[in-house]
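The numbers here are math on the coordinates, done by the rules we state, and not lab data. Nothing here was measured: the structure is a model prediction, and the numbers come from that model. When we count neighbours, we look across all protein chains shown, and the Cβ atoms used for this are built from the backbone with ideal geometry, even at glycine.
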Amino acid sequence: MALDAGLRAAILQSVEDNFDRQVAYTQKLVSFASQRGEEFTIQDFIHDDLKARGMKMDRFDMDEAALAAHEGGAPFSATHSRAPIVVGIHHPKAEAGRSLILQHHLDVVPVGPRDMWEHDPYGGAIIGDWMYGRGAGDMKAGAAANVFALEALKRIGLQPAATVYLQSVVEEESTGNGAMQTFLRGYTADAALIPEPEHEKLVRAGLGVLWFSVEVRGIPVHVREMGEGANAIDAAYRLIGSLREIEAKWNAERDQHPECAGEPHPINLNVGIIEGGDWGSSVPAWCRFQVRVAIYPGQKAREKFREIAEHVAAFSRGDRFLAQNPPVLTQNGFNAEGYILEPGSEAETILGAAHEAAFGAPLETFMTAAYLDARVYALYNRIPTLCYGPVSKGIHGFDEAVSLSSVKRVTQAMALFIAEWCGTEPI
Ligand code: ZN
């Protein structure tokens, strides 16, 4: 049942009228330096805020053993966050509509060298249409949109006529264990909506992602005896070269994955951190590097990791130094499969209509080469999962920013979607 024109107009106007507050709220979220392991205060803030807005609250820790036992869980490392997961629950007076999960993550990636930013990474400066800051796009604007899409209904005396779970997670940028933990705790609904910065498009497919470290150890000597010493950094370079062979092989298989049609290079292997050695005139005895690589939807994370480990082992057997000092591969983060949003769901149809009402243009879909928590809801909850959100720039880079006009229209589309998917009732 489509929303009548009067209600539609009232919801669009309500988002518009409250947008200044939404912008201030987004700035507040950006002001928390919520890097990995440091999300306690922002999770406290959202907990108290949702409680003040009348939601029933649940706050819980991630369960390492339960996550390790599930195929979608990722191993804990020393840097794994211990911050809690927060869920705000709205119960209607009468359960008449379809239930919904609204999810966001509040962890952000490191800012990198501060002098490479023009704007304060936690300042939330607004210049023209852009709000700047680490996490402004990915995804504190989306978190605020979750809150303010519901608020838009409340301002006109309405609330969802179905249960809504507002799930605020961490560990999205490193393991996906936050979203996994909401699933393990038993949260589910008839659909999920995650407003990641997706350039006003709906994600049709997201890739899986693996994280692992590689460590090489050798014998340290003075550089004048270098012929006898094994240079661990040189060996690491050779190993990275062998990993590039896997990346090329997997990209060559892209035609077997229709969701990646037209993508020239869907599988990206990134060496994100490298460290090693102790002294400029000593042959380095050790080197460690961190790898992130994507896998196609439908492929099993553990099988693909095994494939990598076997490739590296075979390469090492043919290398004079590595054969004596086999590198150690350790999974230390993402162990995630990709997912596909099956076309034709009613949730997608309703979001499409809501988007068109807010933007005056049809909703487009696309494949993203990134990890998304949406995979948890798609693969394990097995519910239609809509990953859709505003225009951003510089996410994971410098001077990250989100387009405020885009955030406003996305929030309008979300509020319309909620009203139609869940139905509405008077407060
Ligand atoms: Zn994100």
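Under 14 Å from the Cβ of Phe417, count the other residues' Cβ atoms, weight Lys and Arg +1, Asp and Glu -1, and hand me the total.
On the way: positive: Arg8, Arg98, Arg409; negative: Asp190, Glu200, Glu346, Glu348, Glu356, Glu420.
Net of charged neighbours comes to -3.
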Measuring from the longest principal axis of the C-alpha atoms of the chain, the long axis of helix 346-359 (C-alpha) lies at a number of degrees, nearest 10, equal to 80
Taking Cα pairs under 8 Å and at least six residues apart, what relative contact order does the chain come out at, in percent? 26
Starting from a Cα-only point model with no solvent, please compute log10 I(q)/I(0) by Debye for segment 208-336 at q = 0.14, 0.16 1/Å. -0.64, -0.79
Estimate the FRET efficiency between Asp17 and Glu263 by the formula 1/(1 + (r/R0)^6), using the beta-carbon distance for r and 45 Å for R0, to the nearest 0.05. 0.65
Principal axes first, then extents: for the Cα atoms of segment 1-153, list largest minus smallest coordinate on each axis, whole Å, largest first. 53, 44, 27
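Kindly flag which residue pairs out of Lys140/Lys304; Lys201/Lys393; Lys51/Lys408 have an alpha-carbon separation exceeding 26 Å in this structure.
Lys140/Lys304, as the Cα separations exceed 26 Å there.
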For segment 330-427, state which GluC sites (Glu not before Pro) are in a DSSP loop and have at most 16 other beta carbons lying within 10 Å of their beta carbon. Glu364
Between 0 and 90 degrees, rounded to the nearest ten: what's the tilt of helix 404-422 against the longest Cα principal axis of the chain? 70
Compute the distance from the alpha-carbon center of segment 307-381 to that of segment 131-189, in whole Å. 21
Based on other C-beta atoms within 10 Å, arrange Leu3, Leu67 from fewest to most. Leu3, Leu67
Which GluC sites (Glu not before Pro) in segment 111-189 sit in a loop by DSSP (not H, G, I, E or B) and have at most 10 other Cβ atoms within 10 Å of their own Cβ? Glu118
For segment 76-119 versus segment 2-66, the gap between their alpha-carbon centres in whole angstrom: 9
Along the chain, longest interval not containing exposed trypsin sites (Lys or Arg not before Pro), exposed being DSSP loop plus at most 16 other Cβ atoms within 10 Å: 202-299
Taking Cα atoms only, helix 5-17 is inclined relative to the longest principal axis of the chain by an angle, in degrees rounded to 10, of 60
Counting only backbone N atoms under 17 Å from a point 7 Å out along Cα-to-Cβ of Met57, the residues of segment 18-35 in range are 29
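Using just the Cα positions, wrap the chain in a convex hull and report its mean projected area in square nanometres, one decimal place. It would help to have the intermediate numbers written out before the result.
Working: hull surface 85.6 nm².
About 21.4 nm², averaged over all directions.
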